[in-house]
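Throughout, read-outs are computed from the coordinates displayed, never taken from laboratory work. A quick note: this is a predicted structure, and the numbers were derived from the prediction, not measured. Quick reminder, even Gly has a Cβ in these numbers, built from the backbone with ideal geometry, and neighbours come from all protein chains shown.
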Amino acid sequence: MQLFMDDKPVDAELLGAGTLEEGLREVQETLCAPRRILVGFRCDGEDIAASAMTAALGKQVSSFDRVELFSSTKEDLVVETMTQAAASLEDTETATQNVAEMLIQGRSQEAVQRLGECLHVWQQVHDAVCKSLTLLEMDPLATAIRDETISSALARPKDVLLQVKQALQAQDYVLLADVLQYEFADVTDLWHRLIARVKQEAEDRASSN
């Protein structure tokens, strides 16, 4: 079996004889530099989809002919993650406004379906920010964003989502359009600032190391 770390061949015995998950833990402890972490892997030339990740990690190392590992610093990983999160937030901001326009035009069924997609992206962005905060060991209660803590900023969409839920239950699509056009816009601006703050923190730490 062949093993590569960041495109460089390394001793395949480092993965051991157990499961791939056990092998990756061993590589993290023995091969990665102090500030680097494993961020991805490829098996037999194929990227592993998120839905297949658990199954792949549970397989025996011996079931693969080639395993490629990729590492990064925590700071670089957060910068990349926040860059992607900002782009996703910008895309869903446009999509949310399109949903509001659909509602105004009376295309409620299509609008509600698209709204569900937008909310899914919001959840992904939320998860990305939370994981980045954990990687950087930032205290969400001790860092301010636009005169409120990161913790408070992360919770702000809950109020808007409650208004969305109430409007949907009442089938009040005029109210729903107003919420999406105005309330969501304010929270989106706050989250852009939040993402930029976390990204800046990672960049500052990277430049100081």
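Give me the count of lysine pairs in the chain whose alpha carbons sit under 25 angstrom apart, restricted to pairs 8 or more positions apart or on different chains.
Qualifying lysine pairs in the chain: 7.
Compute the angle between helix 150-169 and the longest alpha-carbon principal axis of the chain, please, reported from 0 to 90 degrees and rounded to the nearest 10.
For 150-169 against the chain, the angle is about 50 degrees.
Based on other C-beta atoms within 10 Å, arrange GLU203, GLU29 from fewest to most.
Going from least to most buried by this count: GLU29, GLU203.
Report, to the nearest 10°, how far helix 74-104 tilts away from the longest principal axis of the Cα atoms in the chain, using its own Cα long axis and a range of 0 to 90°.
On a 0 to 90 degree scale, this one is about 30.
May I ask you to list the residues of the stretch 131-173 whose amide nitrogen lies under 12 Å from a point 7 Å from Cα along the Cα→beta-carbon direction of SER88?
Within reach of a label on SER88, which here means backbone N under 12 Å from a point 7 Å along Cα→Cβ, the stretch 131-173 contributes 131-132.
Just to verify a number: FRET efficiency for SER151 and GLN124, C-beta to C-beta distance, R0 = 25 Å, to 0.05? Don't skip to the end; give the middle numbers.
Details: r = 19 Å, r/R0 = 0.76.
That pair, SER151 with GLN124, gives E of 0.85.
Note down the nm distance, to one decimal, between modelled labels 7 Å out along Cα→Cβ at GLU101 and at ALA50.
About 2.8 nm, to one decimal.
What is the helix-to-structure angle for 184-208, meaning the angle in degrees between its Cα long axis and the longest Cα principal axis of the chain, kept from 0 to 90 and rounded to the nearest 10?
30 degrees
So between GLU137 and LYS165, what do we pick up on full extension, going 0.36 nm a residue minus the alpha carbon distance? Write out the running numbers ahead of the final one.
Working: separation 28, 0.36 × 28 = 10.08 nm, distance 3.36 nm.
Stretched out fully, the GLU137 to LYS165 stretch lengthens by 6.7 nm.
Taking the simple approach of a point 7 Å from Cα along Cα-to-Cβ for both HIS192 and GLU29, what is their distance in nm?
A separation of 4.6 nm, rounded to one decimal place.
How high is the relative contact order of the stretch 2-64, in percent, counting Cα pairs under 8 Å that sit 6 or more residues apart?
This gives 35 percent for the stretch 2-64.
Order by neighbour count: CYS43, CYS130, fewest other Cβ atoms within 10 Å first, most last.
Least to most surrounded, the residues fall as CYS130, CYS43.
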